[in-house]
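What follows is a short report on a single structure.
The values are calculated or read from the model by the stated rules, or taken from the named source; none is laboratory data. Predicted model, so just to flag it, every value in this text is computed and none were measured. Don't worry about glycine lacking a Cβ; one is built from the backbone with ideal geometry, like all the others, and counts go over all protein chains shown.
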Amino acid sequence: MSTEFARNIVVFAAHPDDTEIFVAGTLKLLADRGWNITVCTMTAGGMGGIGSSEEKTIRLRKREAQKAAALLGADYRCLDGRDGYLFDTEALRIKTIDLIREKKAGVVITHLPMDYHSDHRTTASIVDAAAMLATLPNVPSRFEPLDVTPLFYHSATLGLTDPLGNAIAAPHFYVDITSVEDTKMEMLACHQSQIELMRIMHKMDDFFGEMKKQDIAWGRKAGVQYAEAYWQHLGGGYQKQPLLQTELAQYLITK
Ligand SMILES: [Zn+2]
């Protein structure tokens, strides 16, 4: 059986801006190496509007996410779940499988199953179930099954804690994103609608600055200026080749 993994990566995040906060630096490094990148959000973040209706916010945030993805030359997709009310449904699993197959994903990244945000945890659950079904012919998908289950990775949570505030297990590896931090910040800056939201929801006066501090905090743990943190899903049923680690060897830090 083939265990060649296509250099196609699909990131599944719950909301527009999650990709930019957690994985954009690594995506930029992969884009520069010729990887084909798809950024998918389960919702369009319709609750993230202040003084703007859900519908209007959805339209605006899709445009913001598209603009950010374009900076990588990435395709942006939204699976149109409802922000704040994301459930692990059969319909969303099938849409997720469809996208994994359409893009012939060799690698899939999503949130950690013990993330702080309920929508992030639900996204992790949907993507785990969907990735596992990517090769199976009986799945009611519009697309051909893949030859091999994609490699599965998780991105960090804010603060590297679980919902109770406990430190989570150390990342399997960090990626040194110092050389691409500027691009990451440029991508994050596409999400202008979130500045006011963050001020009200998280009492965060400087959203972009606070996110940069997060990269610095991960960087400090890794011993570089800016970093992102990852875990590879090594549970039963998944292939375990360290493809991202090999591809990004010159930026890789393991502790
Ligand atoms: Zn989110």
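For the reader, a short list of remarks on this structure follows.
- Residue under evaluation LYS184, criteria (1) at pLDDT 90 or above; (2) closer than 30 Å to ALA129 by Cβ; (3) in a loop (DSSP other than H, G, I, E, B), criterion not met: (3)
- Some residue of segment 124-131 being farther than 28 Å from ALA227 by Cβ and either more than 16 Å from the ligand (Cβ to nearest atom) or part of a loop (DSSP other than H, G, I, E, B) (or both): yes
- Taking the conditions (1) assigned to a loop (DSSP other than H, G, I, E, B); (2) within 16 Å of the ligand (Cβ to nearest atom); (3) touching an Asp or Glu at 6+ places or on another chain (Cβ under 7 Å); (4) not hydrophobic (A, V, I, L, M, F, W, C) in turn, TYR116 satisfies each one other than (3).
- Per-region count, segment 1-43, residues basic (Lys, Arg) and touching a strand residue (DSSP E or B) at 6+ places or on another chain (Cβ under 8 Å): 1
- Hey, ARG61 out of contact with any His (no Cβ under 6 Å at 6 or more places or on another chain) and surrounded by 23 or more Cβ atoms within 10 Å (Cβ to Cβ) or not: yes
- Some residue of segment 202-220 being exposed (fewer than 13 other Cβ atoms within 10 Å of the Cβ), touching a residue at least 24 places away in the same chain (Cβ under 8 Å) and either at positive phi or more than 19 Å from the chain's Cα centre (by Cα) (or both): no
- Which numbered condition ALA44 fails, given (1) aliphatic (A, V, I, L, M); (2) surrounded by fewer than 21 Cβ atoms within 10 Å (Cβ to Cβ); (3) under 21 Å from THR122 (Cβ atoms): (2)
- Restricting segment 1-40 to residues that are acidic (Asp, Glu) and touching a Leu at 6+ places or on another chain (Cβ under 8 Å), the residue that is farthest from the ligand (Cβ to nearest atom): GLU20
- Each residue in segment 212-239 was checked for being in a loop (DSSP other than H, G, I, E, B) and more than 12 Å from LYS255 (Cβ to Cβ), and 9 of them qualify.
- Contacts under 8 angstrom Cβ, first residue in segment 145-174 being outside any strand (DSSP E or B), partner buried (at least 20 other Cβ atoms within 10 Å of the Cβ) and basic (Lys, Arg), 6 or more apart: PRO145/ARG101; LEU146/ARG101
- For segment 17-35, the tally of residues that are over 10 Å from the mean Cα position of the chain (by Cα) and either under 18 Å from PHE207 (Cα atoms) or not hydrophobic (A, V, I, L, M, F, W, C) (or both) stands at 6.
- Restricting segment 88-113 to residues that are within 16 Å of the ligand (Cβ to nearest atom) and part of a strand (DSSP E or B), the residue that is surrounded by the most Cβ atoms within 10 Å (Cβ to Cβ): THR110
- Subset of segment 245-255 that is under 25 Å from ASP147 (Cβ atoms) and out of contact with any helix residue (DSSP H, G or I) (no Cβ under 8 Å at 6 or more places or on another chain) - its residue that is surrounded by the most Cβ atoms within 10 Å (Cβ to Cβ): GLN245
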